[in-house]
Amino acid sequence: MTETLIDIKNLVTSFKTPEGPLRVLDDVCLTIKKGKVLGVVGESGCGKSITSLSIMRLLPQPYGFIESGEIIFNGADLTKLSTNEMESIRGNDIAMIFQEPMTALNPVFTIGYQIGEALEIHLKLKGNEKREKSIEMLKMVGLPRAEKLIDEYPHQLSGGMRQRVMIAMALSCNPKLLIADEPTTALDVTIQIQILELMKNLKNDFNTSVLLITHDLGVIAEMSDEVAVMYLGKIVEYTTAENIFDNPLHPYTEGLLNSRLVSIQRGTKLICIPGMVPTLTCKPKGCAFSPRCSKCMDICKEKMPELKEIKPNHKARCWLYN
Ligand SMILES: Nc1ncnc2c1ncn2[C@@H]1O[C@H](COP(=O)(O)OP(=O)(O)OP(=O)(O)O)[C@@H](O)[C@H]1O
Ligand code: SF4
Ligand SMILES: [Mg+2]
């Protein structure tokens, strides 16, 4: 059996507000195995980024905090580590790539300086050795003319090239877990495919585990082994990628699948999920999806269903199966 790398247990992340703590993540349980990709999908605002920022302990300050739960990584509970211990984990064991590479790249330093800095901190490389390794990393992520590129500035590169540089930086410490938060959303489709291929190869070559956050089910289908579907801070379905696409159980997952742009053919109507995601401050009573669900029953408006294993390795949070 594949070993577990990170085990998130009953995570509750909240924001401090004048009215008291507001739950942004509610009882989130996720497991990522070594060398596997867990995709997290859901509409805007469902808590995907807050999940990754909770793992990294980089929640918006001063109001974001982990209220309860555990994040067990390599035997240690990340929620209990000191700031220094966490900094070391962030640099060495867990790396993150963001949707917009410019948030991670500094416009006033060359590409070589920035990769070199990461290599110096994590691998203690200096001088020529550092430069050689930086060039090697740029080549590894498929960047052409790496020897020249190393002396250029971020603004001289295209969006796809910057994304590759950021991946090279994230991988410079050979992390055990790579968190990719919407890594390809800002890119053209052809570049998107190249970046996904690159991440796949790296996963296969280095046995890196990936937490892949996206609202794009096409990206999930391409990359993930397992998938968690989130709605308003809770996991509503959690199973293998195959099950999500071939045998979805939750009406919200069905809605996401039906509204996929890739399913459009000329003349067919795009089906969208009616209504909007409610705000965290106005969560409906009972199942949070009930105001938008065509299968809503009386009980759905009264009580929130539990996330239950409906079939082997297939969990859903829905009264249809209770
Ligand atoms: N810095 C912040 N300050 C205040 N509220 C925030 C902040 N970041 C996130 N939130 C709120 O927390 C909830 C979860 O947000 P999160 O960013 O995790 O959503 P997401 O699933 O990543 O959405 P998206 O697809 O738009 O990136 C949302 O209600 C959002 O408005
Ligand atoms: S619990 Fe009820 S309202 Fe919620 S998704 Fe299931 S059927 Fe729809
Ligand atoms: Mg986000």
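Structural remarks
- Beta bridge orientation in the chain: antiparallel %, DSSP, nearest 5: 60
- Charge dipole (Cα centre; +1 on Lys/Arg Cβ, -1 on Asp/Glu Cβ; no other charges) of the range 108-173 amounts to roughly 100 debye.
- Proxy reagent accessibility, fewest Cβ within 10 Å first, across S82, S88: S82, S88
- Taken over the range 108-173, the percentage of Cα pairs per 10 Å bin, counting from 0 up to the bin with the maximum distance, is 25, 61, 14.
- Between Y231 and V236, the built amide H atoms are under 5 Å apart, and every one of these is 5 or more places off in sequence or on another chain.
- Reference-scaled alpha-carbon Rg (2.2 N^0.38 Å with N residues) for the range 125-239: 1.18
- Between amide H atoms placed 1.01 Å from N, distances below 5 Å from I6 occur with I32, all of them 5 or more places distant or on a separate chain.
- When the pairs K36/K311; K80/K133; K34/K311; K33/K295; K33/K126 are compared against a 30 Å limit on Cα-Cα distance, K80/K133; K33/K295; K33/K126 fall above it.
- GNM result for the chain, Cα springs below 10 Å: residue of M56, M166, M140 fluctuating most strongly: M140
- Principal axis analysis of the Cα atoms in the chain yields extents of 69, 53, 43 Å, listed in decreasing size.
- Qualifying trypsin sites (Lys or Arg not before Pro) in the range 145-212, where qualification requires a DSSP coil assignment and no more than 13 other C-beta atoms within 10 Å, comprise R145.
- For the range 1-77, the calculated P(r) over all alpha carbon pairs, in 5 Å bins from 0 to the bin holding the longest distance, is 3, 15, 24, 25, 18, 9, 4, 2, 1, 0 percent.
- Across the chain, Cα pairs under 8 Å and at least six residues apart give a relative contact order of 20 percent.
Read the figures in this text as sums done on the coordinates, not as results from a lab. This structure is a prediction, so every number in the text was calculated from the model and none was measured. Every residue, glycine as well, gets a Cβ built from its backbone with ideal geometry; the counts of neighbours run over all protein chains shown.
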